[in-house]
1. Rounded, prolate or oblate: which one fits the chain, using the alpha carbon gyration tensor with axes a ≥ b ≥ c (rounded when a/c is under 1.5, else prolate when a/b beats b/c, else oblate)?
2. Do any trypsin sites (Lys or Arg not before Pro) in segment 67-159 lie in a DSSP loop with no more than 10 other beta carbon atoms within 10 Å, and if so, which?
3. With a length cut of 18 Å (Cα positions projected on each helix's long axis) and a Kyte-Doolittle mean of at least 0.5, go through the chain and give me the DSSP H helices that pass.
4. Would you work out the Kirkwood radius for segment 12-101? I mean one over the mean of 1/r across all pairs of different Cα atoms, in Å.
Amino acid sequence: MPALPDGFTLRPGGLDDIDALQAIERHCFRASQSAEQYRRELTSPQCHTLVVEFQGHVVGYAMANLVLDEAHVPSVGIAEPYRRVGLGRALMVRMLELVRAHGARHVYLEVRRTNRAARRLYEGLGFELLSIRRDYYWDPPDDGMVMRLAFDGPTPAVP
Ligand SMILES: CC(C)(COP(=O)(O)OP(=O)(O)OC[C@H]1O[C@@H](n2cnc3c(N)ncnc32)[C@H](O)[C@@H]1OP(=O)(O)O)[C@@H](O)C(=O)NCCC(=O)NCCS
């Protein structure tokens, strides 16, 4: 995993993080999952959640669901003042290591066509465009780019 900038730490998310996760999700996407949805995900063995902390506050998160050998990353977000210092990449790299070690062979995600930052982040990690879902998003409307990363080689040990 790339080194985190000084003062930042990365750890698994837990039930105590629900308020912080909702706040960052609202900040990044203008809406968030309910606390109950988070509770279900954070207690599901198929769901992996990672958070980045700075001075005791959660400033970023990533989630992934793993079913058999297929992982899906529904969400990754970094609070605005902390962007462009490598946290999004560090979270994603760690998440990819984690799902791979738990058996993922492929990772899928959707991203807005107009979300240049996220598309570049994913492309830099090796994700490739699989298909385009016209008008997949609303408010504002946008096409969804379905991206996929395929892992080669043997499954490494859980990090
Ligand atoms: C997308 C997001 C998670 C990136 O997080 P970040 O911590 O700022 O990203 P990093 O600093 O790790 O940058 C990694 C790479 O992503 C790309 N990138 C990130 N922000 C970018 C921007 N504003 N413009 C262009 N490329 C960008 C670059 O390729 C960058 O590598 P580089 O710094 O070597 O050029 C962040 O912008 C965010 O939270 N956005 C709002 C929520 C969101 O859109 N999530 C994704 C939904 S699919």
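A short reminder: the numbers here are calculations on the coordinates, not readings from a lab. Given the structure is predicted, the values throughout are model-derived calculations rather than measurements. Backbone-built Cβ (ideal geometry, glycine too); neighbour counts: all protein chains shown.
1. Details: a/c = 1.29, a/b = 1.05, b/c = 1.23.
In terms of gyration-tensor shape, rounded.
2. On the way: sites: ARG83, ARG84, ARG89, ARG94, ARG100, ARG105, ARG112, ARG113, ARG116, ARG119, ARG120, ARG133, ARG134, ARG148; in loops: ARG83, ARG84, ARG105, ARG113.
Answer by residue number: ARG84.
3. Details: long enough: 87-101 (21 Å, 0.91).
Flagged H segments are 87-101.
4. Working: mean 1/r = 0.0760 Å⁻¹.
By the Kirkwood definition, the hydrodynamic radius is 13.2 Å.
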